[in-house]
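Trainee: Let me give you the structure first, and then I'll get to my questions.
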Amino acid sequence: MANQRAKLTWTEDQIPVSDRFDDPYYSLQNGLEETRHVFLAGNDLPARFVPGFRIAELGFGTGLNMLTVWSEWERSGQTTPLSFTSFEAFPMALEDMDRALQAFPELSPWSERFLAAWNGKTCDLDTLHLEVIEGDARQTLSCWTGSANAWFLDGFSPAKNPELWEADLMQQVADHTATGGTAATYTAAGFVRRGLEEAGFAVTRCSGYGRKRHMTQAVKA
């Protein structure tokens with residue numbers, strides 16, 4: 001599975017939709033603003049940025065989340081590399097990633113540098129250390145030796161991709177979270193929140209982005 005590429009269909013508005021999960025890669029309303037609301041504000045970023053800060057993610061997709069937080073990392077004046085690790089079962093082809101990111105010209109100073117340096121697994125730039133670990137996160141996360149200060153839980157809809165939200169995986173997320181670390185996700189599905197709580201997070205349901213009434217924030221004690 002680690003070598004399978006994402007298969008896409010493009011909407012009339014040039015938004016990529018996963019054929020496997022029948023779900024768009026980002027909000028149909030405004031993907032960039034959704035990322036800022038859910039993953040940045042949901043993890044209290046950039047206020048928590050310090051040298052050595054580490055972010056981990058379930059579901060790399062187009063790279064939009066990474067680019068959004070990296071842009072804020074640089075804008076905040078950080079000069080050391082942001083460490084970003086993402087777990088992705090079905091990586092997107094470079095040309096599809098490039099096409100998708102053209103929808104966000106505000107991020108072009110970062111997307112252009114990223115795409116030029118991206119080798120499909122890592123990207124090392126002065127202010128970014130990115131690693132994308134291919135394969136089923138239910139197997140690969142347990143082998144990861146890192147610990148994140150913040151998690152972006154961004155798998156496809158729990159109704160369509162429940163495997164990426166199951167309790168055992170939420171426990172692995174908690175096990176790879178620093179004390180006081182956080183997690184955020186666009187979903188407020190009950191079984192996801194319960195899984196995070198059982199894993200040791202204090203969970204809060206809060207206002208979602210756009211048409212999504214609620215989202216989830218979590219803090220590890």
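The values are calculated or read from the model by the stated rules, or taken from the named source; none is laboratory data. The model shown is predicted, which means the values in this text are computed figures rather than measured ones. So basically every Cβ, Gly included, is an ideal-geometry build from the backbone, and we count neighbours across all protein chains shown. To get the accessible areas, we keep the full protein, side chains included, count just its heavy atoms, and leave off ligands, DNA and RNA. Shrake-Rupley method; radii C 1.70, N 1.55, O 1.52, S 1.80 Å.
Trainee: Rule-of-thumb check for the stretch 1-40: C-alpha Rg over 2.2 N^0.38 Å?
Mentor: Rg over 2.2 N^0.38 Å, computed on Cα atoms: 1.33.
Trainee: Residues with beta-carbon under 13 Å from that of Phe201, excluding Phe201: net charge, scoring Lys, Arg +1 and Asp, Glu -1?
Mentor: Its environment carries a net charge of +1.
Trainee: Grab the beta carbon distance between Gln139 and Val17, set R0 = 35 Å, and tell me the FRET efficiency rounded to 0.05.
Mentor: 0.85
Trainee: Taking just the alpha carbons, could you work out the radius of gyration and Dmax for the stretch 146-204, both in angstroms?
Mentor: 10.5, 31
Trainee: Within the stretch 166-221, list the trypsin sites (Lys or Arg not before Pro) lying in a DSSP loop whose Cβ has at most 12 other Cβ atoms in a 10 Å radius.
Mentor: Arg211, Arg213
Trainee: Can you tell me the mean projection area, over all orientations, of the convex hull of the stretch 32-162's alpha carbons? Units nm², please.
Mentor: 7.7 nm²
Trainee: Turning to a different aspect of this structure: By per-residue mean of other Cβ atoms within 10 Å, what is the highest-first order of 125-136, 51-62?
Mentor: 51-62, 125-136
Trainee: Still on this model: Using the Cα centre of the stretch 1-78 as origin and beta-carbon charges of +1 (Lys, Arg) and -1 (Asp, Glu), tell me which of Ala6, Gly77, Gly59 is placed farthest towards the positive end of the dipole.
Mentor: Of the listed residues, the answer is Gly77.
Trainee: Wrap a convex hull around the Cα atoms of the stretch 95-221, take a quarter of its surface area, and give that in square nanometres.
Mentor: 9.0 nm²
Trainee: Please report the relative contact order for the chain, taking Cα pairs under 8 Å with a sequence separation of at least 6, and give it as a percent rounded to a whole number.
Mentor: Relative contact order here is 21 percent.
Trainee: Check which residues have an amide H placed less than 5 Å from Ala178's amide H, if you skip close sequence neighbours.
Mentor: Under 5 Å from the amide H of Ala178: Ala148, Asn149.
Trainee: Cα to Cα, under 16 Å, and not fewer than 8 places away if on the same chain: which lysines meet these conditions relative to Lys160?
Mentor: Those lysines meeting the cut-off are Lys7.
Trainee: In the neighborhood of Ala89, defined by Cβ-to-Cβ distances under 12 Å, what is the net charge if each Lys or Arg adds +1 and each Asp or Glu adds -1?
Mentor: -1
Trainee: A follow-up question, please. Run the dipole for the chain about the Cα centre, Lys and Arg Cβ at +1, Asp and Glu Cβ at -1, nothing else charged, and hand back the magnitude in debye, nearest 20.
Mentor: Its charge dipole is roughly 560 debye.
Trainee: Here's something else I'd like to know. Please give the Cα centre distance for the stretch 64-83 versus the stretch 1-44, rounded to the nearest Å.
Mentor: Centre-to-centre (Cα) distance: 20 Å.
Trainee: Among Thr68, Tyr25, Gln102, whose Cα lies farthest out toward the positive end of the dipole of the stretch 10-154, if unit charges sit on the beta carbon of Lys, Arg (+1) and Asp, Glu (-1)?
Mentor: Thr68
Trainee: Sticking with the crude label model, points 7 Å out along Cα→Cβ, report the distance from Asp168 to Glu95 in nm, one decimal please.
Mentor: So the two model labels end up 3.8 nm from each other.
Trainee: Here's another thing I want to ask about it. In Å², and per residue, what accessible area does the chain have when probed at 1.4 Å with the other protein chains present?
Mentor: I get 45 Å² per residue for this part.
Trainee: Test of understanding: what is the full-extension gain from Ala178 to Phe191, defined as 0.36 nm times their sequence separation minus their Cα-Cα distance?
Mentor: 2.4 nm
Trainee: Then there is this: Find out how many positive minus negative residues lie around Glu131, taking Lys and Arg as positive, Asp and Glu as negative, among other residues whose Cβ is under 14 Å from that of Glu131.
Mentor: -2
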